[in-house]
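Okay, structure first, notes after.
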Amino acid sequence: MPTMTRPTIQDFVLRVDRVGSYRVIATSEMTIGGPAQANRAGHLALLAPLSSVHASIRRSETGYTISPRQGAVALDGPTSPANVTRTPQQTLLMQETYLSSQTKVQLGPKTTLTLDQPSPLSRTAILKISPAGRTMEQLNGVVLLDQLLLIGAGSNVHINSPHWQETGVLIYRNGTVRFRSSMGLAPDSSREVVDVELPWNRHWEWNEIGIYLEPYGT
């Protein structure tokens, strides 16, 4: 009997106890659109009047870019390249354009998103969508994952967890996710370090930390 190979998981929901639920997309390119293509891996469907594949975001060695696909995409502030159409408030994109951190992107008349890279240690980015509640699922955020995801207290993390005493790291590689604690994360301030592969579809708990990973989409 032939061996069944499990597809590599590149899109999942991360649930962190007492913090929230986050969509995590680990592909280097993802698409954004209206609700028509909900539950498709690598695609963020929003409850908004957008084309089914409105725009795409791509990560490369030099950073993030956004491209209009089937709908209008506009940016606030300076952009590159120069051959774009300008309005008094925004820049309407005609081709793939670099996205800098904290630049606001207008998708359609009523939806904006902002790409945030809070940590200099990782190219992982957070997509902040406004107004809140546009995602098809009840989520606290959307993560564009590049290997490392920092969780803990403070401003230089991807997911803020104020009740954690130190920062923990999720390490993604080839469809597996590991949790690695930093020194001193244990409540008794010992130098205990945890480095464990997290299970799928099962709650994992250690001291104050609880995590659940659920593959997303088809």
For segment 10-26, in residue order, the Karplus 3J(HN,Hα) values (coefficients 6.51, -1.76, 1.60; θ = phi - 60°; whole Hz; Gly and Pro = x) are 10, 8, 7, 9, 9, 10, 10, 3, 6, 10, x, 10, 9, 7, 10, 10, 9
Computed ³J(HN,Hα) along segment 128-143: with the Karplus parameters 6.51/-1.76/1.60, θ = phi - 60°, integer Hz and x for glycine or proline, the list is 9, 10, 10, x, 5, x, 7, 6, 5, 9, 7, 10, 9, x, 10, 10
Amide H contacts under 5 Å for Tyr216, restricted to residues at least 5 apart in sequence or on another chain and with H modeled in the peptide plane, are Asp11, Phe12, Val13
Simple spin-label estimate for Arg202/Asp116, 7 Å along Cα→Cβ, in nm, reads 3.4
Long-range amide H partners of His54, meaning residues 5 or more apart or on another chain whose placed amide H is closer than 5 Å, are Ile32, Gly33, Gly34, Gln70
For Cα extents along the principal axes in Å the list reads [x] 57, 49, 31; [y] 73, 51, 26; [z] 62, 42, 28; the calculated value is entry [x]
Total charge of the residues flanking Asn39 in space, meaning their Cβ is under 11 Å from its Cβ, with Lys and Arg +1 and Asp and Glu -1, is -1
For 158-166, 30-38, ranked highest to lowest by mean beta-carbon neighbours within 10 Å, the order is 30-38, 158-166
In order over segment 109-117: 3J(HN,Hα) from phi, Karplus 6.51/-1.76/1.60, θ = phi - 60°, whole Hz, x for each Gly or Pro, gives x, 10, 10, 10, 9, 10, 9, 10, 10
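Read-outs: derived from the displayed coordinates by stated rules, not from any lab. On a predicted model such as this, the values are computed, not experimentally measured, just so you know. Here the Cβ is made from the backbone with ideal geometry for all residues, glycine too, and neighbour counts use every protein chain on show.
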